[in-house]
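Contents: one structure, followed by commentary.
The values are calculated or read from the model by the stated rules, or taken from the named source; none is laboratory data. In this text the structure is predicted, and so the values were computed from the model without any measurement. Here the Cβ positions follow ideal geometry from the backbone for every residue, glycine too, while neighbour counts run over all protein chains shown.
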Amino acid sequence: MGLRVVMLDPDWFGDVEAERDHFERLLGDGVVVEAIDCTDAEIPERVGEADFLLSHYTNVSAESMDATGCSVVSRYATGTDGIDIDAATERGVRVTRVPTYCNDEVGMHALSLALTFVRGLPTYDASTADGRWAWGDAAPLQPVSDLTFGLLAFGNKGRSTGEKARALGFDVCAYDPYVADDDIEAEGVRPVDFETLLAEADVLSIHTPLTDETADMIDADALDALDDDAIVVNTARGRVLDEDALLDALDEGRLRGAGLDVLRTEPPGDDDPLLGRDDVVVTPHAAWYSTRTARELRRLGTEIAVAAYEKRETDGLVNPGVIRD
């Protein structure tokens with residue numbers, strides 16, 4: 001029997017034709033690529049044996065790896081939160097991700113969310129919809145050359161955002177304890193500590209991956225440390241930001257606004273208090289998207305997964321020790 005590939009969240013693109021084409025190109029016509037829309041808890045019962053598990057957002061636990069006997073779990077995204085990496089490594093399962101796609105798109109999206117509030121667009125839109133025509137309704141608005149754009153993490157997405165913010169005239173600073181100050185300075189960005197980032201940022205743009213260390217990193221204390229007219233942007237992961245604390249800060253008028261591409265619960269419920277507010281713009285985890293990146297993600301995700309299956313080194317392999325063993 002040929003290799004079996006299962007996409008766990010096929011509704012993401014609506015089909016698996018691109019994945020099927022790429023797997024057949026790389027591994028031959030005997031590859032079976034199926035779509036089974038299920039949660040992690042449903043994998044043991046619904047999926048059966050599989051060589052590859054493909055996921056964009058579905059979690060994959062140790063139990064699911066055991067039930068399927070998979071060799072590769074491939075996350076078609078940058079982050080791997082929700083996949084049990086330790087359990088995979090113990091079982092010799094290779095875990096992959098796509099580390100380099102959509103940098104420009106995320107940078108542009110983060111900057112767009114920030115500029116929405118820098119220029120007071122939600123306020124002006126609501127005002128004109130109410131029949132007003134008054135430039136002062138969103139005042140005061142500062143020129144970007146007077147504002148500091150603060151980056152929480154300086155990986156690929158943070159660098160892209162910083163480059164674009166600098167091009168518009170923002171002063172840009174970044175906090176990332178895992179990147180050398182010289183590397184940050186080489187990009188024309190000021191390295192700062194966490195406290196300085198919060199104290200100076202007129203825009204706080206979150207780009208850190210979700211880990212035990214970063215969960216709820218932007219909590220009530222962090223939000224209190226921001227300027228009263230600051231803007232919070234999150235294109236990383238929803239759990240990095242304490243949404244209850246964010247709502248409190250917004251309700252108390254301690255922030256100008258928040259631009260959120262990610263939430264703690266996706267999709268949100270109809271009663272989510274972040275929806276429908278003039279001081280919050282929510283987009284549906286779409287910062288990664290363009291027609292180009294959609295094609296690239298499906299091709300790269302497959303190529304990286306196949307390289308890991310064949311025990312070849314690849315930048316997208318999360319646990320390379322499995323190959324060395």
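Here are a few things to note about the model shown:
- Pairs, first on the phi < 0 side of the Ramachandran plot and loosely packed, with under 14 Cβ neighbours inside 10 Å in segment 16-39, second in a helix (DSSP H, G or I) and among the charged types (D, E, K, R), C-beta under 7 Å, six or more apart: Asp37/Asp11
- Every listed requirement among (1) in a helix (DSSP H, G or I); (2) touching a Ser or Thr at 6+ places or on another chain (Cβ under 7 Å) is met by Leu151 save one, (1).
- Within segment 304-317, residues that are closer than 10 Å to Leu27 by Cα sit with their Cβ atoms under 9 Å from residues that are of a type in the set (Phe, Trp, Tyr), at 6+ positions apart or across chains, in these pairs: Val306/Phe23; Val306/Phe52.
- Some residue of segment 298-315 being within 30 Å of Arg119 (Cβ to Cβ) and within 17 Å of the chain's Cα centre (by Cα): no
- Arg254 vs. criteria in contact with an Asp or Glu (Cβ under 9 Å, 6 or more places away or on another chain), over 18 Å from His56 (Cβ atoms), among the basic types (Lys, Arg) and in contact (Cβ under 8 Å) with a residue 24 or more places away in the chain: yes
- Some residue of segment 275-293 being at pLDDT 95 or above, out of contact with any Ser or Thr (no Cβ under 9 Å at 6 or more places or on another chain) and part of a helix (DSSP H, G or I): no
Rundown of residues vs (1) part of a loop (DSSP other than H, G, I, E, B); (2) of a type in the set (Phe, Trp, Tyr); (3) out of contact with any Leu (no Cβ under 8 Å at 6 or more places or on another chain), yes/no style:
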{"site": "Asp37", "(1), (2), (3)": "yes, no, no"}
{"site": "Glu49", "(1), (2), (3)": "yes, no, yes"}
{"site": "Leu53", "(1), (2), (3)": "no, no, no"}
{"site": "Thr58", "(1), (2), (3)": "yes, no, no"}
{"site": "Ser64", "(1), (2), (3)": "no, no, no"}
{"site": "Gly79", "(1), (2), (3)": "yes, no, no"}
{"site": "Ala87", "(1), (2), (3)": "no, no, yes"}
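- Options Asp51, Asp84, Asp9, Asp40: the member that is at pLDDT 95 or above, of a type in the set (Asp, Glu), touching a Ser or Thr at 6+ places or on another chain (Cβ under 8 Å) and within 16 Å of Thr302 (Cα to Cα): Asp51
- Within segment 98-124, the residues that satisfy the criterion of being at pLDDT 95 or above, buried (at least 22 other Cβ atoms within 10 Å of the Cβ) and not aliphatic (A, V, I, L, M) are Gly107, His109, Phe117.
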